[in-house]
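For reference, the structure is listed below as structure tokens.
The values are calculated or read from the model by the stated rules, or taken from the named source; none is laboratory data. Remember, predicted model here, so these are calculated numbers, not experimental data. Note that each Cβ is placed from the backbone with ideal geometry, even for glycine, and that neighbours are counted across all protein chains shown.
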Amino acid sequence: MKNIFIFGYYGFQNTGDEAILQVIVDQIRKNIPYAKITVLSYKAKETMEKYNIEAISRNKFGDLIKAIKEADIVISGGGSILQDATSARSLVYYLSIIYIAKKIGKKVMFYGNGFGPITKPFNKKLAKNIINRVDLITVRDQQSKEEMISLGIEKDIIVTADVTFAYNMTNQQNVEEILINENIDINKKIVGISIRKWKNEGKYKVVIAKAGDYLISRGYEVIFIPMQRPQDYIISEEIASIMKETPKILEKNYSLQELINIMSKLHIIIGMRLHSLIFSTIAGTPVLGIEYDTKIGNFLKIVEQENLGRVERLDLDNLIKKVEYVLSNYEEYKKRINLKRNVLKEKSDTNINLLKSFIEGR
């Protein structure tokens, strides 16, 4: 029996991070069936029930220390948790877990993580000193590797892909039923929009509203897809309320499989959330991204899809121009997304192969 302790941004109803956890758990169960998995979560009871694993609360320090002591390996499970753009406090919290694990002699692995940006001098120094103690590092893109190197990380850094690309799509039997129950017209081409709250949201909300009106006037069905509830649902409602036309908003919470299946029925998606773009790529749907963080731009370069620019400077004319260009060259963008999806899936599988070799001492 090997004890694996996984930490990340889990239990916050963020669809992307929950998908990462689900895929990691599935991969470990398939490839390392003798492992016992324990996860750090904001809602430990909910996580235990959802994934049928052990979980501890991130607010119970004693339980956290105990879980680290009992672990054979501690894993930073995907996502962009090591950055100070949204919160310096969470960066220090996660670095503290790594520090404690290494202090008591535990192996630590970064499992397909995004990284950075880290901008504050103290945070840079702290991150450099602690991350240089990590035993095995895999990151989801070249830019994350370059951020680490520029910070002074001297360990070998292996570029793989986002963990969720290892997810295997299965049947799509009930997807049309889901869309019909959500009052979505399946006879129209559907455009998805995934938006999050960010700085100076007043301006970009108006741009998205006008873009939505434009697409509906062109005969498309427009649906907002919340990736983190309730925040994304609220801002979707706010945008819908200032539109002249009537879009749809996905009302229910859906499983990872159901959400990817829904995205497979979209014609395109305009996404601000990274995992709305990743799920759509898995589904084979062309994406256009709105960049609130460098990870969005990085991902769009990898999959060779259109970047609508920084959210602070989102421009309606440019947005419509790029959407129209993608629609006019649709088959080319569809071909690109499918090619890139297959490459990224193969790269993502490297994460579990490296973990298995590492934990078995090979």
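When only residues in the range 163-193 that are of a type in the set (D, E, K, R) and out of contact with any strand residue (DSSP E or B) (no Cβ under 6 Å at 6 or more places or on another chain) count, which is farthest from residue 213 (Cα to Cα)? Across the range 163-193, the extreme among qualifying residues is 177.
Scanning the range 58-75 for residues that are at pLDDT 95 or above and within 26 Å of residue 255 (Cα to Cα) yields a count of 1.
For (1) within 21 Å of residue 144 (Cβ to Cβ); (2) among the polar types (S, T, N, Q), each residue gets a yes or a no:
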residue	(1), (2)
38	no, yes
46	no, no
66	no, no
69	no, no
78	yes, no
101	yes, no
111	yes, no
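Checked against (1) within 27 Å of residue 159 (Cα to Cα); (2) touching a residue at least 12 places away in the same chain (Cβ under 8 Å); (3) exposed (fewer than 14 other Cβ atoms within 10 Å of the Cβ), residue 342 passes all but a single condition, namely (2). Of the residues making up the range 27-80, just one is among the aliphatic types (A, V, I, L, M) and free of Cβ contacts under 8 Å to residues at least 12 places away in the same chain, namely 48. State whether the residues of the range 265-273 include one that is on the phi < 0 side of the Ramachandran plot, part of a helix (DSSP H, G or I) and of a type outside the set (D, E, K, R). No: zero hits.
Summed over the range 26-52, the residues that are part of a loop (DSSP other than H, G, I, E, B), more than 18 Å from residue 355 (Cα to Cα) and more than 21 Å from the chain's Cα centre (by Cα) give a count of 1.
Could we say that residue 39 is in the same structural domain as residue 13 (by TED's automatic domain parsing), under 11 Å from residue 6 (Cβ atoms) and out of contact with any Lys or Arg (no Cβ under 9 Å at 6 or more places or on another chain) here? Considered against the rule, which asks whether it is in the same structural domain as residue 13 (by TED's automatic domain parsing), under 11 Å from residue 6 (Cβ atoms) and out of contact with any Lys or Arg (no Cβ under 9 Å at 6 or more places or on another chain), residue 39 comes out as yes. Summed over the range 225-242, residues that are closer than 29 Å to residue 255 by Cβ, hydrophobic (A, V, I, L, M, F, W, C) and either touching a strand residue (DSSP E or B) at 6+ places or on another chain (Cβ under 6 Å) or not in a helix (DSSP H, G or I) (or both) total 2. Selection of the range 177-219 for residues being in a loop (DSSP other than H, G, I, E, B), surrounded by fewer than 18 Cβ atoms within 10 Å (Cβ to Cβ) and not polar (S, T, N, Q) yields 182, 185, 186, 188, 189, 197, 198, 199, 218, 219. Here residue 222 clears all of (1) assigned to a loop (DSSP other than H, G, I, E, B); (2) buried (at least 16 other Cβ atoms within 10 Å of the Cβ); (3) without any contact (Cβ under 8 Å) to a residue 40 or more places away in the chain except the condition numbered (1). In the same structural domain as residue 206 (by TED's automatic domain parsing), without any contact (Cβ under 8 Å) to a residue 24 or more places away in the chain and of a type in the set (D, E, K, R), is that true of residue 321? So residue 321 passes the test. Filtering the range 235-288 to residues that are among the basic types (Lys, Arg) and under 22 Å from residue 79 (Cα atoms) leaves only 273.
Looking at 266, 308, 274, can you tell me which residue is touching a helix residue (DSSP H, G or I) at 6+ places or on another chain (Cβ under 9 Å) and over 21 Å from residue 339 (Cβ atoms)?
Sole residue among the options that is touching a helix residue (DSSP H, G or I) at 6+ places or on another chain (Cβ under 9 Å) and over 21 Å from residue 339 (Cβ atoms): 308.
Among the criteria (1) modelled with pLDDT under 95; (2) outside any loop (DSSP other than H, G, I, E, B), the one residue 289 does not fulfil is (1).
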